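To start, the structure under review is shown below, and the notes come after it.
Every read-out reported here was derived from the displayed coordinates using simple, explicitly stated rules and does not represent laboratory data. These numbers come from a predicted model, not from an experiment. Cβ sites come from the backbone with ideal geometry, for glycine too, and all protein chains shown count toward neighbours.
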Amino acid sequence: MASTCGICNREIKHEFLKNVEMGGKIYDIYQCRECMVGFTVPAPSPEELSELYHSGNYRLSTGKRFNPYVESLIYGFRLLRKRRIRKYIKKGRILDIGYGRGLFLNIMKKGGWEVTGVEFSKETASYASDLYGIKVITETSIHELPDESFDVITMNHVLEHSRKPSELISECKRLLRKGGLVVVAVPNTSSLQASAGKGVWFHLDLPFHFNHFSEEGLIRLLNKNPFDILKIKQFDMEYNPFGWIQTLLNLSSIRKNLLYDLLKSGELRKGTLNALKRDVILTFVLLPLYFPLSFILSVFESLILKRGGTIEVYAVKR
């Protein structure tokens, strides 16, 4: 069996991962050796995706996913993201693609930025727009935005969800002013975490992820458009340690992603507590061991190997 690269359109036959089970279905990942990006086969249909992303399955209509304690941590991480962006551009117009709960843009708005969001779920977009008073458009409307109308564009774990990642990066180039900043965060298939976890790697997230980027693959795509790379952030406190914790638990023959599901809000957690008591007990027995180990592994892969479980790339438009 072969697939087609979603970036260069070449036929690809190299199997990166095979027979990954998720939700009762089997998926393969084929990697283009030219682009160094993997693609999910078979890709879910638009109808399947609509059901998967429907509020109450993927996230609440409010855009939130987790219990209040986790949500408060997420708020802190968004403040840190704002601080990182301000190192390059102090203030201006920002477009956040994959607006989600709207929290990040609301923080930027309070900081004096002119903000616009792109959200794939009309229901979530409507709620967030009403709550924060932020202009939110759907994915299909992004092409209607004027050229060179933004100083910063952010895509936080969004590019891997796009059916046409190359076109999306090209749109970023069109929409950014000369010298504008694009910030792209993705899971890194060339990480130690991915190599250890393989089909149970937490950040693989099938079938939601169409594309699977190595660091080299993302850099090639950005350089092609062209963007100049300013910084590659290998360590992310929000994503990397938890990626290790959940991956280690998955490798321990516990129900896949059980801890992640336990951390969700009550409405999204329905059915999780019906999991085997053995899995729940084993999760909490292993956490005291895996929690510190995950931080050690995250630091090692990010700072020593330079192969972070997730990467965040800062690039400027030429």
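Picking from GLY308, GLY92, ILE137, whose Cα lies most toward the positive end of the charge dipole for the chain (charges on Cβ: Lys, Arg +1; Asp, Glu -1)?
Selected residue: GLY92.
D for segment 179-232, whole µm²/s, Stokes-Einstein with Kirkwood Rh over alpha-carbon pairs at 20 °C and 1.002 mPa s: what number?
Numbers: Rh = 12.4 Å.
Once the numbers are plugged in, D ends up at 173 µm²/s.
Using a/c under 1.5 as the rounded threshold, could you call segment 71-165 rounded, prolate or oblate? The axes a ≥ b ≥ c are square roots of the C-alpha gyration tensor eigenvalues, and prolate needs a/b larger than b/c, oblate otherwise.
Rounded shape, in that the Cα axes give a/c under 1.5.
How would THR283, THR189, THR247 line up from fewest to most surrounding beta-carbon atoms within 10 angstrom? Each step should come with its number before you reach the end.
Working: THR283 20, THR189 29, THR247 25.
Exposure proxy ranking, most exposed first: THR283, THR247, THR189.
Using per-residue counts of other Cβ atoms within 10 Å, averaged over each peptide, order 227-236, 166-175 from highest down. Walk me through the intermediate numbers first.
Working: 227-236: 16.9, 166-175: 19.3.
Answer by packing, highest mean first, reads 166-175, 227-236.
When a footprinting reagent is the concern and you count Cβ atoms within 10 Å, what order do PHE120, PHE104, PHE291 take, fewest first?
The fewest-first ordering by Cβ neighbours comes to PHE291, PHE120, PHE104.
Return P(r) of segment 200-318 (all Cα-Cα pairs; 5 Å bins starting at 0; whole %; ordered from short to long distances).
With a bin width of 5 Å, the distribution comes to 2, 11, 17, 18, 18, 13, 9, 7, 4, 2, 0, 0.
I'd like to know which of SER253, ASN188, GLY23 lies farthest towards the positive end of the charge dipole of the chain, counting +1 on Cβ of Lys and Arg and -1 on Cβ of Asp and Glu.
The one lying farthest along the dipole's positive direction is ASN188.
Cut-off is 10 Å between beta-carbons; in what order do CYS35, CYS8 appear when sorted fewest neighbours first?
The fewest-first ordering by Cβ neighbours comes to CYS8, CYS35.
Cα-Cα over 19 Å: which of LYS87/LYS231; LYS198/LYS264; LYS18/LYS224; LYS25/LYS256?
LYS198/LYS264; LYS18/LYS224
If I build a Gaussian network model for the chain, linking alpha-carbon pairs within less than 10 angstrom, which residue out of LEU251, LEU218, LEU73 has the largest mean-square fluctuation?
LEU73
Given the Cα-Cα distance of SER141 and SER195 and 0.36 nm per residue of separation, how much length would full extension add, in nm?
15.7 nm
Where nothing but the Cβ of Lys and Arg (+1) and of Asp and Glu (-1) is charged, how large is the charge dipole of the chain around its Cα centre, in debye to the nearest 20?
About 1020 debye.
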